Amino acid sequence: MALGYTSSRSGQLTDNTLHQNILQPMANPPDRAKDDSTVGSKNGQLSRAGSLTVLRRTSSKTKVGSTSSSRTSISTENDSYASVDLGVDKLPPTDTPDASHVCSIRLRNLIRRLQKEDISKEDLQRNLEYAASVLETVYIDETRRLCDEDDELSEVEPDAVPSEVRDWLALTFTRSMSNIKRRGEEKPKFKSVAHAIRAGIMVDRIYRRLSSSTGLHVPPHVLLLLKHLDEWGFDVFAVNDAADNHSLKFVGYELLQKYDIIAKYKINSTVLDTFLLNLEIGYSKYKNPYHNLLHGADVAQSVHVILNQSKLVHWLTDIEIFATIIAALIHDYEHTGTTNNFHIMTGSEVALLYNDRAVLENYHISASFRMMKNDDSNILSNLSREEFKEFRNLVIDMVLATDMSFHFQQIKNLKGLLSMPESIDKAKALSMVLHCADIGHPAKEWNLHYKWTNQLLEEFFRQGDREKELGLPFSPLCDRSGVLVAESQIGFIDFIVDPSFQVMSDMLEKIVSNLLKEQRSGSATSINEDPAYDVKKDKSTSTTSLHSSSGSSRSSTPKLLGSDGKFEFLKPWLDHLVKNKQIWKERAAKDAEERKKKEAKGENTNNNNSDTSSKTSDVKTNDSQANSPIPLNPSGK
Ligand SMILES: [Zn+2]
């Protein structure tokens, strides 16, 4: 049967339509499926419906009569469930597609009967046992499939699957926040009946996705790259190339989708699309080499990886996750490509408006919320008053904390907090994560870090060009005629990035350790035994304490302990920092050698515009500037 999808072109399925489509027996010949799945595949939504068509076709091979309960009885939600025979003699085997179907009908029937108190204990027990077996089978099969699939997917040639098939598979069968990697690809073959079973258990997820109108179409070749969204080595440059300069839109969308935020806060797809496009337009306003939409996308993705790797995400409420993703996405919205200091020195409008305090950061927040006030890009329209307030407070806290001038104070404060027994304020913790992601390119793979470095320097030089025009002194690193790139990066890593990531890692470990202790003890008892891990237990004090959040946590009893009783917390950033610093050191030595040679030849290195002197970048040497120990302000602020 085809999944029909006759109800709406906008991608909305009504409840009844869905039930009918999912539960009706295979009435139509399989060939219909192809036809239907190609009808008006606007926004990729109808093609998603096609996925179910394929799955159902597979299931038709093993259809048994016992499941042909009428679609109308189910879709109309009336008491005809009650007429189901609860006998267990003719039940389909638990590993067949029909088992899950029968199972769901019986569970509904049990509920009806329980409501009427019209069921024997024996019937109840036997049917629940059957249902449990079916779910276990599905679970085991699903887990095995996901493990297998990663390997399978890596073998798939990009052209091996028709793009439309690839598109709907990826969009439909990807998971919300979980420990399973997102899959952008899947083979078109469905080898076993297990796939058909999955159609059943995916129904709810698919329905939620369809009903929330998350219709943003992600091109298959972009999805292929977004598969790596959970990885520290994610290449936002590659995504941006593939996405025709729309990396922020797709990364933003995928992150919100991953955490189920779109459905949870009922964000309209058109509004979300407009919001993300507006963000991209804002980031592109000044054509900055560094503070552009790639940086916004990169920082949001990095925040996601940190939260995910450290498992901190398990203790965040939905609204906190929503705020964190949006804070990262907007944190440099409409950045002017110049530093706060430049604004202050030139007495710009924004400097006047914000009285020289966190000038750009205040502006990014204000302009973003102003943009979101427009109906066409108001992704917050369905938040309650309380949710909006919490969201706004968190976003403001987090983005203001990206002001680099706050850096040392922030590090000092956090170090102080880490030495105290109290838990760490949630807003502070999330601000630190955003700050680290913001300055984190030296903690990424060399090729990524190197690109970011050159682009940031180019942005600095453009500011330097303007400073020259205005007769202002050059800001540090802004004079194109000579900058010691390698040295500046070594200083940046040593003084800023490395300490930040160390403190952040300690902070994450402390937070998670505290929570693990609580989990292990099942109460506060064992925590009290060890004052070092004491936490505030007063639930009335704050919604910002990780341990006393008033919101609903994503998981109240997360299983983070391995069999050895330890929590494994990966920190891929630390290795990269060491490696990148080593490369810069080698380059610095080489540069110094070349400078010496030139000096020996009597050349003037300070004003040499030849671009062959250094492999490090397109910039030259200038000892007076480069010797500054903390020369780089990576946020350009
Ligand atoms: Zn930034």
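Throughout, read-outs are computed from the coordinates displayed, never taken from laboratory work. Because the structure is predicted, anything quoted here is derived from the model rather than measured. We place every Cβ from the backbone using ideal geometry, glycine too, and count neighbours over all the protein chains shown.
Taking a ≥ b ≥ c as the square roots of the Cα gyration tensor eigenvalues, with a/c under 1.5 meaning rounded and otherwise prolate when a/b beats b/c, else oblate, which class fits the stretch 237-324?
oblate
Run the simple label-point estimate for SER481 and ASP376 please: 7 Å along Cα→C-beta, distance reported in nm.
Distance between label points: 4.8 nm.
Pull out the extension gain between LYS579 and ASN245, defined as 0.36 nm times the separation in residues minus the alpha carbon to alpha carbon distance; nm, one decimal.
On the way: separation 334, 0.36 × 334 = 120.24 nm, distance 2.99 nm.
Gain on extension, LYS579 to ASN245, equals 117.2 nm.
Over the Cα atoms of the stretch 338-483, what is the Rg over Rh ratio if Rh follows Kirkwood?
Value, to two decimals: 1.03.
Three principal axis extents, largest first, for the C-alpha atoms of the stretch 244-378, in Å?
Result for the stretch 244-378: principal-axis Cα extents of 44, 33, 28 Å.
How long are the semi-axes of the equivalent ellipsoid of the stretch 288-357, taking √(5λ) for every eigenvalue λ of the Cα gyration tensor, in whole Å from largest down?
Those come to 30, 14, 9 Å.
Between THR270 and LYS90, what is the label-point separation in nm under the 7 Å Cα-to-beta-carbon projection?
Label-label distance for LYS90 and THR270, simple model: 5.0 nm.
Using a simple spin-label model with points 7 Å from Cα along the Cα→Cβ vector, what separation in nm is obtained for ARG385 and GLU117?
4.3
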